[in-house]
Amino acid sequence: MGKYNKDEVLYNEKGERVIIKGKKKNPFLVGCLGLIILIIIISACAAALGGKNNDKSMEDKVEQKQDNKSSDNQSESSDKESKDSPKTTREQEAALEKAKTYAKTLHMSKNGIYNQLTSSIEGFKPEDAQYAIDNLKVDYNKNALEKAKDYAKTMNMSNDAIYQQLISTVEGFTAEEAQYAIDNLKK
């Protein structure tokens, strides 16, 4: 098929064969439409997660993880079999790989990645998602800048609107990351 839709073959009232040429697809429009649909899907997923995801909830999760670590350390000292088990689970490794994908291809924030991993779509346990976040090596300033460039280019948003979108619960960047992005957008 290539760049063209399939030609349509019809017959007129005399029974003669009539070929109607397919229209040429516009690859730019197809690409932009795909990007917009992807942004809408991600936004809908984040909105479906709902709730207010603020820094306090992240801190609570970190404290919970630290509590889990201390109880794990106590059980490890009493359990000899733990030396034979791997340090990470398959679920933790899977969550980390998925987090890398979200960070690299969709330029998501730390909070956005965590929310996506623990969503009903991905279904990772909070502790596995937290493991991924803790072991993910990402420059979130750079991700915020890339996301800002996308909004500026595809949606022609103002700097103020981009900033607000970046710090929204949909994107979840910190105020500092969003400001870095705005400060480093082309003037």
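The values are calculated or read from the model by the stated rules, or taken from the named source; none is laboratory data. If you're wondering where the values come from, they're calculated on a predicted model, not measured in any experiment. Methodologically, a virtual Cβ is constructed for each residue, glycine included, from the backbone with ideal geometry; neighbour enumeration extends over all protein chains shown. Ligands, DNA and RNA are excluded from the accessible area calculation, which covers all protein heavy atoms including side chains. Shrake-Rupley method; radii C 1.70, N 1.55, O 1.52, S 1.80 Å.
Numbers at a glance
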{"read-out": "Normalised convex hull volume, region 108-187, alpha-carbon set, Å³ per residue", "value": "87"}
{"read-out": "Segment MET155-ASN12, extension gain: residue separation times 0.36 nm, minus the distance between their alpha carbons", "value": "46.9 nm"}
{"read-out": "Accessible-area value, ASP134, 1.4 Å probe, nucleic acids and ligands omitted, Å²", "value": "80"}
{"read-out": "Nearest-10 value in Å² for the accessible area of LEU136, using the 1.4 Å probe", "value": "20"}
{"read-out": "Solvent-accessible ranking of LYS186, LYS104, largest area first, probe 1.4 Å", "value": "LYS186, LYS104"}
{"read-out": "Förster radius 22 Å - calculated FRET efficiency between GLU97 and ILE37, Cβ distance, rounded to 0.05", "value": "0.35"}
